[in-house]
Amino acid sequence: MVNRYYIDCQKIVSTVDPGAPISLYINPDEEEKKYLVDSCLIDEHTLHSALDPDEQARLEWEPNHVALIYKRPKNYSGEKELLFKAATIGLFIFKDRIIIVMNEDTNLLEGKPLAKVSTLNEVILKLFYRSIYHFMQHLRIINMIADEIEDKINKAMENKFLINLFSLQKSLVYYQNAITSNGVLLGKIKNSAVKFNFKQDEMELLDDILIENNQCYRQAEVYSNILASLMDARASIVNNNLNILMKTLNIITITIMMPTFVVSVFSMNVPLPAGLNHLTLAFWIILGLAGISMVSFFLFWKFKKW
């Protein structure tokens with residue numbers, strides 16, 4: 001699927017004009033791929049890299065265009081058990097137009113980061129800013145989820161909460177790798193600013209984006225270190241909760257066994273001591289002895305502070 005856009009009054013506007021300066025290909029089919037390779041002279045390997053979620057960010061100079069492969073957060077799916085991953089986007093920059101290739105629709109050219117753009121260079125830079133902004137949002141969500149899981153671990157003993165924490169930690173590793181990769185790419189773009197014909201305000205925007213990317217990486221690193229350092233402590237909490245439960249169950253079992261033992265003694269097929277078999281209150285006496293044994297054990301347990 002292909003969507004086309006142009007810039008009007010500092011806004012990106014959708015159009016059906018095939019000559020529009022911005023073309024967005026979402027999961028292109030074979031016919032669209034053939035057009036991009038044969039007509040636009042995009043390298044086939046680079047095109048497949050733009051659709052490969054495991055590809056690293058990079059910059060390539062081609063005879064008639066510049067190819068940028070960069071990372072962005074992948075749309076989260078609840079089926080992945082709190083696993084956040086990064087996806088890939090390809091930017092192919094020609095003299096008077098840009099072609100964007102991605103494997104899923106995420107409303108890439110909408111939202112606050114791209115609210116005001118005047119040139120194609122600004123579109124390129126703000127696409128990077130939108131990716132950083134998206135990473136920051138996901139990091140906040142990951143931190144909130146981690147806090148909720150931590151509260152649940154303090155009260156529960158299920159392994160699924162620890163597994164969720166491992167998934168979040170793995171997600172942060174993916175994000176750190178993606179953000180670092182984008183940072184290297186942004187550094188290469190800055191070193192080649194003359195070839196991109198960046199203006200002074202665009203260079204300032206690029207510097208701001210580099211700072212934002214570094215801050216995003218540090219935030220991901222902090223969250224990752226916190227999860228890693230507290231993982232063993234949280235596992236110990238689960239084990240401690242299990243020990244407390246086993247202790248409680250043992251106390252309940254012993255408390256029940258004491259009166260059971262008393263009743264069993266007087267239920268044997270032998271004459272009862274002190275002629276209890278002739279007393280009308282024999283049942284209540286035995287029941288009272290059972291109760292006294294249970295209370296005695298309870299007081300002994302309290303005295304020992306088990």
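Points to keep in mind about this one:
- Extended-chain gain in nm, criterion 0.36 nm per residue less alpha-carbon gap, Lys112 and Leu242: 42.0 nm
- All lysines inside 17 Å of Lys302 as judged from Cα atoms, apart from same-chain residues fewer than 8 positions distant: Lys247
- Rounded FRET efficiency, nearest 0.05, which uses the C-beta distance separating Ile226 from Phe297 and R0 of 41 Å: 0.35
- Listed by chain and number, the lysines whose alpha-carbon sits under 22 Å from that of Lys95, ignoring those within fewer than 8 places in the same chain, are Lys11, Lys33, Lys34, Lys116, Lys126, Lys188, Lys190, Lys195, Lys199.
- Note on Asp8 and Asp52: the model spin-label points, each 7 Å out from Cα along the C-beta direction, lie 4.0 nm apart.
- Fully extending the segment from Asp17 to Ile285, taken as 0.36 nm per residue of separation minus the present Cα-Cα distance, adds 86.6 nm.
- Debye log10 I(q)/I(0) for the range 2-241, one point scatterer per Cα, at q = 0.11, 0.12, 0.16, 0.18 Å⁻¹: -0.62, -0.71, -1.11, -1.33
- Cβ-Cβ FRET estimate between Lys152 and Phe196, R0 fixed at 35 Å, reported to 0.05: 0.10
- In the range 146-230, GluC sites (Glu not before Pro) in a DSSP loop with at most 12 other beta-carbon atoms within 10 Å: Glu158
Bear in mind these aren't lab numbers, they're just calculated from the coordinates by the rules spelled out. These numbers were taken from a predicted model, which means no experiment stands behind them. FYI the Cβ positions are ideal-geometry reconstructions off the backbone, even for glycines, and counts take in every protein chain you see.
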